[in-house]
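A short worksheet on the structure shown next.
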Amino acid sequence: QAQLVEAGGGLVQAGGSLKLSCVASGRMFSDYDMGWFRQAPGKERQFVGWITWSGESTYHADFRKGRFTISRDNAKDTVYLQINNLKPEDTARYYCAAATQGSGYYPDAYGYFGQGTPVTVSS
């Protein structure tokens, strides 16, 4: 059964860094573009960005200031989200997802999500 499992979240002080990981099982990783989303309590889900199988990453406009970096290790079936200079407004649950319904460019193409990993940033 295909599965996405995120890890690496936690409590961190503002200014710190985290590297989130997402391990994919089954055919999920090799067949699809992979993306990262986040959702803060009481807010809509945001699309952070995505990465192709070849490693080309693209970021949504709100996340292009250089603090977020998406990468992948195909040998480990793992995609990563590095977040630097964390801010309290980055507090959210972070999800990886597979673009099972088209190009990873389109948020609606993501048909499969993991359970997410929580990130809390204290000021």
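The values are calculated or read from the model by the stated rules, or taken from the named source; none is laboratory data. Not measured: the values here are computed from a predicted model. For neighbour counting, all protein chains shown are included, and Cβ atoms are generated from backbone atoms with ideal geometry for every residue, glycine included. With ligands, DNA and RNA removed, areas are computed over all heavy atoms of the protein, side chains included. Shrake-Rupley method; radii C 1.70, N 1.55, O 1.52, S 1.80 Å.
Quick look at the values:
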quantity	calculated
Normalised contact order of the chain, rounded percent, pairs of Cα under 8 Å and 6 or more residues apart	34 percent
Area of residue 62 that stays accessible when all protein chains are in place (1.4 Å probe, Å², to 10)	100 Å²
Within the accessible area of the chain (1.4 Å probe), percent carbon and sulfur	46 percent
Residues whose placed amide H lies under 5 Å from that of residue 100, excluding near-sequence neighbours	111, 112
In order through the stretch 108-123: 3J(HN,Hα) via Karplus (6.51 cos²θ - 1.76 cosθ + 1.60), integer Hz, x for Gly, Pro	6, 7, 8, x, 9, 10, x, 7, x, 10, x, 10, 10, 10, 9, 8
Note, ³J(HN,Hα) from phi for the stretch 86-97, Karplus 6.51, -1.76, 1.60, rounded to Hz, x at Gly and Pro	4, 10, x, 6, 7, 4, 4, 9, 9, 10, 9, 8
Alpha-carbon Rg with Dmax, taken over the chain, Å	13.3, 40
Residue 64 accessible area, 1.4 Å probe, all protein chains in place, Å² to nearest 10	150 Å²
Those aspartates and glutamates that a straight Cα-Cα span of less than 20 Å connects to residue 19, excepting residues fewer than 8 apart in one chain	6, 33, 56, 62, 73, 77, 89, 90
Given charges at Cβ of Lys, Arg, Asp, Glu: the chain dipole, positive-most of 16, 96, 116	16
Calculated FRET efficiency for the pair residue 73/residue 123, C-beta based, R₀ 22 Å, to 0.05	0.10
Residue-normalised accessible area of the chain, given per residue in Å² at a 1.4 Å probe	53 Å²
